[in-house]
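The values are calculated or read from the model by the stated rules, or taken from the named source; none is laboratory data. Note that the structure is predicted; figures quoted are calculated from it, not measured. Cβ atoms come from the backbone with ideal geometry, glycine included; neighbour counts cover every protein chain shown.
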Amino acid sequence: MPKSMMIWNTYRSRLIGQLMQKAGIIVIPTVSWADEKTFDFCFDGLPQESTLAISTIGVRRKQSDYELWQSGVDEMIERCKPRRLMIYGDEVDYQFPKNIVVRYYENKNISRLKRISNGR
């Protein structure tokens, strides 16, 4: 995806979150990045010392995918200093700082597909 579209999608995500907050809806921002070049803008507009959401889906396909995910998490922690992380997907071998409360949420579609492929 071109960089301009990635910036636009980040802006759009933050704008929709702001509009939802103004409507009285509790918003937990989802943080995502493509590569280290996107670190210049992908953390813009995120709250400091708050709750953020990230995903682990797809990060274990290749070692390079995991390393990029890990770099993004490191950068997010440095810049946003989250107090809580809601993580969608399987647990990964990452040592989160002890001052961050981490909770994993199952990807029910992937779990269902695993059960089907295992004959259950």
Regarding the range 56-76, can at least one residue be identified that is aliphatic (A, V, I, L, M), in a loop (DSSP other than H, G, I, E, B), modelled with pLDDT of 95 or more and in contact with a helix residue (DSSP H, G or I) (Cβ under 7 Å, 6 or more places away or on another chain)? no
Counting only residues in the range 27-74 that are out of contact with any Phe, Trp or Tyr (no Cβ under 9 Å at 6 or more places or on another chain), of a type in the set (Val, Ile, Thr) and farther than 15 Å from Ile100 by Cβ, the one surrounded by the fewest Cβ atoms within 10 Å (Cβ to Cβ) is identified as Val27
Residues that are touching a residue at least 24 places away in the same chain (Cβ under 8 Å) and farther than 10 Å from Gly72 by Cα, drawn from the range 31-42: Lys37, Phe41
Only listed residue being in contact (Cβ under 8 Å) with a residue 40 or more places away in the chain and either over 20 Å from Leu68 (Cβ atoms) or more than 16 Å from the chain's Cα centre (by Cα) (or both), chosen from Ile28, Ile16: Ile28
Contact list please: Cβ distance under 8 Å, first residue in the range 71-90 and of a type in the set (Phe, Trp, Tyr), second residue in a strand (DSSP E or B) and loosely packed, with under 14 Cβ neighbours inside 10 Å, pairs at least six apart or on different chains. Tyr88/Tyr105
Test: residue in the range 78-89 that is surrounded by 14 or more Cβ atoms within 10 Å (Cβ to Cβ) and at pLDDT below 95: yes
